[in-house]
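Shown next, in structure tokens, is the structure this report addresses.
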Amino acid sequence: MSALPTVGSLSMLLPFTLLAPLVAMLLIVFLPKEESKTIKIVAAIGMFVSLALSLYAFYTYDRVLGGMQFTLTIPWIPDLGVSLALGVDGLSLPMLLLTNLIGFSSIYASWNMEKRVKEYFILLLILIAGVMGTFIARDLFIFFLFYEIVVIPIYMMVIIWGSTKRVTKEYAGMKLTIYLLIGSAFLLVAMIALYLAAAANGNPTFIFDELAARQELYSPAFQKVAFALMLFGFGSLISMVPFHSWSPDGYAGAPTAVSMIHAGVLKKIGGYGLIRLGVYVLPLGAQFWAPVIAVLAIGNVLYAGLIALAQKDLKYVVGYSSVSHMGYVLLAIAALNPTSMNGAVAMMFAHGVMAALFFAMIGFMYEKTHTRNITELGGLAHQVPRLAIGFMIAGLASLGLPGTVNFIAEFSIFISTINVYPVLTILGIAGIIFTAVYILRMIANVLFGPRRPEWDHLTDIRGPELVPLVLLGFVIFLGGIFPNILMGMIDTGVTSSGLAKILETVSQAKMGGLF
Amino acid sequence: MHDLFQWAWLIPALPFLSFLLIAFVTKRSKGLSSTISILAILTSLGLAIAIALSIIRAGEEIVEHPAIVNVNWLNIFGLNIDFGTIIDPLSGMMLFVVTLVASMVQIYSLGYMHGDKGWSRYYAYQSLFAGSMLGMVLATNLLQLYIFWELVGLCSYLLIGFWYFKVSAREAAKKAFMTTRVGDFGLLLGMIFLYNKFGTLDFAALAAALNTNFANVAVVGTVGYVTVMAFLIFMGPVGKSGQFPLHVWLPDAMEGPTPVSALIHAATMVVAGVYLVARMYFLFDASPAALQFIGGIGAFTAIFAASIAIAQNDIKRILAYSTLSQLGYMMFALGVGSFSGSMFHLMTHAFFKALMFLGAGSVILAVHHKQDIWDMGGLWKKMPITGWTFFIGVMAISGMPPFAGFFSKDEILANALQNGHPIIYAVGLFTAFLTAFYMCRLFFVVFMGPEKSENHTHESPWSMTIPLIILAFFSVVGGWAALPEHNFAFFVHFGEFEHEAINWTLAGISVIAGLLGIGLAYAIYVKKLISAESIVTRFPRVYKVLRNKYYVDELYLWIIHNVMDGFSKVLYWFDIFVVDGIINGIALITRGSAKTLRLTSTGQVQTYAMVFFFAVVVLFMAFAIGEGQLTALNPLATLGGVK
Amino acid sequence: MNLSNLGNLSVGLSTYLLVAAMLFCLGLYGVFAKRNMIAILMSIELMLNAVNINFVAFNRFLWNQKIDVHYVLTGHVSALFVIIVAASEVAVGLALIIAVYRNRKSTNVDEFNWLKW
């Protein structure tokens, strides 16, 4: 271990990206709480800087070279091998960009917030920075640290600014937090076990790549157990059936911005972790558990998809729909081949953008009509056409319409899993029919139909409120029409890192002809 | 390669551009929106005509070697997809038909949609549809085709629900999307299987791969695999082209504006399924079982829909069932191996069915948005242009020479018999009889007979009649493409081209069947020799079943509302009470044990002290007994060591 | 334990320890059983004094040696410390008792279970 910081090219890019929202947060701390307009503007500027920097990173990332770039390593606790190691590759860069896209939009989705504005934006910025940190960390310890940071603001935001419908917001916040904490407790055990196993040659480290390079130190039995712990931790985070029940309740109770960030990016830490830690570091464990993941994944797709049909609350529909879509990510991870990893990351990105747009639109709708009950809404396309357009874009993306980035993701998942799990894949594709049914029903009942006089007073979204619609809608279509922009980046992450090489060793994972 | 063919991408690009312009720039200005849209589609029409002429000039060269341009679109590990354009006689014909009908419909809409609040939105959707449909026609690979296939489905959804404030329109749009989605499930699956097997989705590469696989006997099970894939892919066309059992959405789709029905649900989008089967004919041709299935489904749909059409009273619904029936015709034509016949019928049908829909629109506007044919009557005198052009359409669909439908129907029926499918031939012939009957019924009731004075009708404006005249022209001359000097089949065919003269015996039989239908309708609805009521009272059950479309909709609704929604409710119950119940149960156990254990905290310091003291004593003794050797913990031993 | 050794001493270490233990147990009993807070405080003093006896006794019997000319008196000093701490403890304790008494008009510990839950 070198004691000196190792500095790559443009190494300060990521720290600045991470610090921008935190600096904005500090500024807000010193602003008087009556200045709500200034607070919002400062928050928006902070996130804008962060978004611009991550876009810059996305464009300057050298796809030919691949691997971890913009790296920065500062030893932190040398005795334990902990170092403040940042860096991004083709897997984490899309997630970083996603975090900032959604973070930036979520500020604007909360533009009409009036209750305890100062505290709200402070917590929101901490939350965004925490999520961002997990994606740019190259060190398991740092990854875990940021992951824990995320939990606290979420809990407070849900119970203070949340809404009580089927379940109280206190219950929702508690459920969300306890699930996250239990998951992270299992992760902690797995992390320590992994660390101790990797330190067997007397050179302790937490760096992902280093951990992955020490394959020979992990016995198959160890890999199975450690992966099982991770599967529980990350699986409950990505709402794998049957550990999914926090997700619809949590989204329904949370304020708009938290729903956006939680469904959009935080949930994706589960999938990202399963790939980065599970598959990459413990391939044999992944191979052992893959069939289980695949079966549970189809449970997600069909079970949650069917339940979404029975929902009356808009947020519950999208909540269950997001559980259902995470099934595709899990199925792709379980297929353990490079194309499916591409599909999994693309699906996380696509679903994140779509879910964030959906929750933003539902948030505005709730703000204006004070209801989320589908039976009470109707004919909103008359009074709020732009809101209706945003809602429709999100809905169509959700059912995987070609031309949206979601289709690309679904297609690359199906095409790569059919070989490994033919029957499960067919069942998964059948899930798109359920998706079509609940999405189209919801769109029809909320947006279309006769004009309702009780909504005549509503004003359409305008000004800052348009930012989520324009930004996220643009990304949905850009990714769908020119898929190489996004997919090329992810492909770099899959093929030029060690991942593809590791996958080759386990690619024979199959459940036989049965599934 | 002809230079012009490289610019084919402009044909879909222009309407797409027009869509973007209308959506983001000229939304507010109605006049500008429609002008841009019509200009774009007319330019595309010009290009399509130029390409069609070049194809005819190029002759055999282009038939053997289609002009293909590809650019890379998606390239990741294990998945490489191109976007491109293919110009061969098939796509050239489709380009011409689509751009022609689309531009006619857009011009017609100037009159029909006059004063509508959603004018700009309407033209935006129209442009988007035209662009997607043309993109689909030009697709060089299955994925590209699928993408545009879904986009035309989206446009269909948007345009059926164009008057979204009507509950019926909203429900119809939803139904159309959901039903086609069921078909698309199969198409997507088939596509994935194909890619998995052959590693490409490019039509040319697939055809080549399939050929080599069949040449190589060692590839066991290929026929079975191909059959499965053919069946799956055929599910898409079943949904899109309204074949039984996924036909239910098309009649309901008539809730959209009438020009939309003419363009999307009669002439262009619904034939996309037929086009797809034609494009992938190399696959279906490799599997006799699949072809047989297609023939069966097509023939069944043809007669099934025609029988329903007899008992309908809504002018647009009659036309819709007629469309279903004619789509069945095209489909079984492909099934019996009449590739050219099917494509030919696709073209002529596009002309005369668009004509009749637009004519129906003109009528509906004239009688102030009534659609029941019994509310109309005697319109011939008041609306001569609409009446004459509609008459041409009816004659064409009834297969009367020298109108377009005669040639295409005749070729299909002749091929069916020659290729050894006598049952399908009989079904087709009987359908031709039914078609002539119900179309003439429609025509006689609407245009003949006594005038209804309350209607105050007048002829439609020029913007609506000119498209009618142009389409009527093509409904007559379109069929002449089959005549020996400009042989349609020479350009559009599959496999080896064989010249076939018109079989005048079979043609005569078809004409007689058509004449019988016309005569029967004339006897019932004009001369009143036979009372329609008496037939209904004679066969009440049959009439009721036909009137209610064989109760297929009711069955589907029952399945959706009871089976699917019921299942969904059960699972929701399971999720809340069992899955969540376990989670909440764990929480309850934790809370319960905490409640019990806290009773030990009495708050009495003395109790705590006592527990503490005795615990220390117990611990001390445990150590002393258990680990007696540990002298450090045994003070007595220490004392004993002292001198 | 060697009884013959014990017999040689008139008053040995064990005697002191025995007294101290008895004293400690008395104190312990007082702490557990008494209801009056002042009595409890006094019992605590008894226990502390038992410890003091132990300190001094151990120092005398087990560490009875000289460094240079001086006896090592660690145990004695510890006992002194304990006495000082005990004195201050009594002061604080009595002050608390008085404060509580003013509030509740009682010195019965059974009535004071505010720390419960």
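Please treat every number below as a calculation from the coordinates, not as lab data. Computed from a predicted structure; not experimentally measured. Virtual Cβ from ideal backbone geometry, glycine too; neighbours counted across all protein chains shown.
How about the range C:15-92: which trypsin sites (Lys or Arg not before Pro) there are in a DSSP loop, with at most 14 other Cβ atoms within 10 Å of their Cβ?
When the trypsin sites (Lys or Arg not before Pro) of the range C:15-92 are filtered for loop state and at most 14 Cβ neighbours within 10 Å, C:35 remain.
Could you tell me the extents of the range B:338-469's C-alpha atoms along the three principal axes, largest first, rounded to whole Å?
Dimensions of the range B:338-469 along the principal axes of its Cα atoms: 54, 27, 22 Å.
In chain A, which whole DSSP H runs stretch at least 20 Å along their own axis (Cα) and average 0.5 or higher on the Kyte-Doolittle scale?
Answer set is A:13-29, A:36-60, A:92-109, A:117-136, A:140-161, A:169-198, A:220-237, A:283-299, A:314-335, A:338-369, A:422-447, A:466-481.
Using alpha carbons only, how many angstrom separate the centre of the range B:567-599 from the centre of the range A:192-232?
35 Å
Want the number for residue B:574 to residue B:553: 0.36 nm per residue separation, take away the alpha-carbon distance, what's left?
Here the answer is 4.5 nm.
Take the alpha carbon atoms of the range C:49-81, find their center, do the same for the range B:498-559, and report the distance between the two centers in whole angstrom.
Centre-to-centre (Cα) distance: 124 Å.
What number, in percent, do you get for the relative contact order of chain B if the mean sequence gap of Cα pairs under 8 Å and at least 6 apart is divided by its residue count?
Dividing the mean separation by the residue count of chain B yields 11 percent.
Calculate log10 I(q)/I(0) of chain B for q = 0.05, 0.08 Å⁻¹, where I(q) comes from the Debye formula with a single equal point scatterer on each Cα and nothing for solvent.
Taking Cα atoms of chain B as identical point scatterers yields -0.30, -0.59.
Could you please rank A:386, A:451, placing first whichever residue has the fewest other Cβ atoms within 10 Å of its Cβ?
A:451, A:386
Of all the Cα-Cα pairs you can form in the range B:1-92, what percent are over 15 Å apart?
Value for the range B:1-92: 66 percent of Cα pairs lie more than 15 Å apart.
Set the Förster distance to 56 Å, then compute FRET efficiency between residue B:621 and residue A:31 from the Cβ-Cβ distance, nearest 0.05.
0.30
How fast does the range A:282-402 diffuse by Stokes-Einstein, in µm²/s, taking the Kirkwood radius from C-alpha pairs at 37 °C and 0.692 mPa s?
It diffuses with D of about 210 µm²/s by this estimate.
Is there a simple number for the mean count of other chain Cβ atoms within 10 Å of the Cβ of residues in B:568-579, and what is it?
Mean partner shielding for this stretch: 5.
Just going by the charge dipole of chain B, with Lys and Arg at +1 and Asp and Glu at -1 on Cβ, which of B:108, B:561, B:69 is farthest out on the positive end?
About the Cα centre, the residue reaching furthest to the positive side is B:561.
By how many nm would the segment from residue B:591 to residue B:313 grow when fully extended, if each residue of separation counts as 0.36 nm and the alpha-carbon distance is taken off?
Stretched fully, the residue B:591-residue B:313 segment lengthens by 93.3 nm.
How high is the relative contact order of chain A? Use alpha-carbon pairs under 8 Å, at least six apart in sequence, and give a whole percent.
16 percent
For the pair residue B:75 and residue B:388, what calculated FRET efficiency results from E = 1/(1 + (r/R0)^6), where r is the Cβ-Cβ distance and R0 = 45 Å, to the nearest 0.05?
0.20
Of the options B:572, B:460, A:395, report the single residue whose Cα projects farthest towards the positive end of the charge dipole of the protein assembly as shown (beta-carbon charges: Lys, Arg +1; Asp, Glu -1).
B:572
Take every DSSP beta bridge with both residues inside chain B and express the antiparallel ones as a percent of the total, to the nearest 5.
100 percent
For chain A, compute the orientation-averaged projected area of the C-alpha convex hull (one quarter of its surface), in nm².
Mean projected area of the Cα convex hull: 21.7 nm².
Which whole-number percent is the relative contact order of the range B:53-170 (Cα, under 8 Å, 6+ apart)?
Reported as a whole number, the value is 22 percent.
Kindly state, to the nearest 0.05, the FRET efficiency for residue C:73 paired with residue C:114, given R0 = 41 Å and r defined as their beta-carbon distance.
E(calc), rounded to 0.05, equals 0.40.
At 222 nm, what helix-only mean residue ellipticity would chain A give, in deg cm²/dmol to the nearest 500, using -39500 (n - 2.57) for each DSSP H run of four or more?
Calculated at 222 nm, the ellipticity per residue is -22000 deg cm²/dmol.
Lys/Arg Cβ at +1, Asp/Glu Cβ at -1, dipole of chain A taken about the Cα centre: which of A:409, A:56, A:449 is farthest positive-ward?
So the residue we want is A:449.
Helix B:89-112 against the longest principal axis of chain B: what's the angle in degrees, Cα atoms only, rounded to the nearest 10?
90 degrees
For chain B, what does the helix formula give at 222 nm: sum of -39500 (n - 2.57) over DSSP H segments with n ≥ 4, over the residue count, nearest 500 deg cm²/dmol?
-22500 deg cm²/dmol
Which order do the peptides B:247-256, B:200-209, B:226-235 take when ranked by the mean count of other beta-carbon atoms within 10 Å per residue, highest first?
Final packing ranking: B:247-256, B:226-235, B:200-209.
Per the helix-only calculation at 222 nm, which mean residue ellipticity applies to chain C, given -39500 (n - 2.57) for every DSSP H run of n ≥ 4 and division by its residues, nearest 500 deg cm²/dmol?
Result for chain C, helices only: -25000 deg cm²/dmol.
So if I place +1 on the C-beta of Lys and Arg and -1 on the C-beta of Asp and Glu, and nothing else carries charge, what would the dipole magnitude of the range B:184-309 be about its Cα centre? I want it in debye, nearest 20.
Dipole of the range B:184-309, to the nearest 20 debye: 200 debye.
Beyond 59 Å, how much of the Cα-Cα pair distribution for the protein assembly as shown remains, as a whole percent?
31 percent
Which whole-percent values make up P(r) of the range B:463-586 when all C-alpha to C-alpha distances are grouped in 5 Å steps starting at zero?
Bin by bin from 0 Å, the calculated values are 2, 7, 6, 7, 9, 9, 9, 10, 10, 8, 5, 4, 4, 4, 3, 2, 0.
Where does the range A:1-95 land on Rg(C-alpha)/(2.2 N^0.38 Å)?
So the Cα radius of gyration is 1.32 times the expected 2.2 N^0.38 Å.
Calculate the dipole size of chain A relative to its Cα centre from +1 charges on Lys and Arg beta carbons and -1 charges on Asp and Glu beta carbons; express the result in debye to the nearest 20.
The calculation lands at about 840 debye.
By how many degrees, between 0 and 90 and to the nearest 10, does the Cα long axis of helix B:580-597 differ from the longest principal axis of chain B?
20 degrees
If we sort B:14-27, B:262-275, B:143-156 on the protection proxy, mean other Cβ atoms within 10 Å, highest first, what's the order?
B:262-275, B:143-156, B:14-27
Could you tell me how many degrees, from 0 to 90 and to the nearest 10, lie between the Cα long axis of helix B:422-447 and the main elongation axis, the longest principal axis, of the Cα atoms of chain B?
Here the helix axis deviates by roughly 70 degrees.
What share of Cα pairs, in percent, lie more than 26 angstrom apart in the range B:1-158?
Looking at the range B:1-158, the distances longer than 26 Å represent 30 percent of pairs.
Take peptide B:76-86, look around each residue's Cβ out to 10 angstrom, count Cβ atoms belonging to other protein chains, and average those counts.
Taking all residues of B:76-86 together, the mean is 6.
Please arrange B:572, B:438, A:328 by counting, for each residue, the other beta carbons lying within 10 Å of its beta carbon, fewest first.
With the sparsest Cβ surroundings first, the list reads B:572, B:438, A:328.
Which whole number gives the average count of other chain Cβ atoms within 10 Å of the Cβ atoms across peptide C:26-33?
Partner Cβ neighbours, averaged per residue: 2.
How compact and how long is the range B:1-44, expressed as Rg and Dmax of its alpha-carbon atoms in Å?
Using the Cα atoms of the range B:1-44, the pair Rg, Dmax is 12.4, 43 Å.
For chain C, what number results from the quotient of the Cα radius of gyration and 2.2 N^0.38 Å?
It is 1.42.
How big is D for the range B:131-172, in µm² s⁻¹ as a whole number, if Stokes-Einstein is applied with the Kirkwood radius of its Cα pairs at 25 °C and 0.890 mPa s?
In µm²/s, the coefficient rounds to 223.
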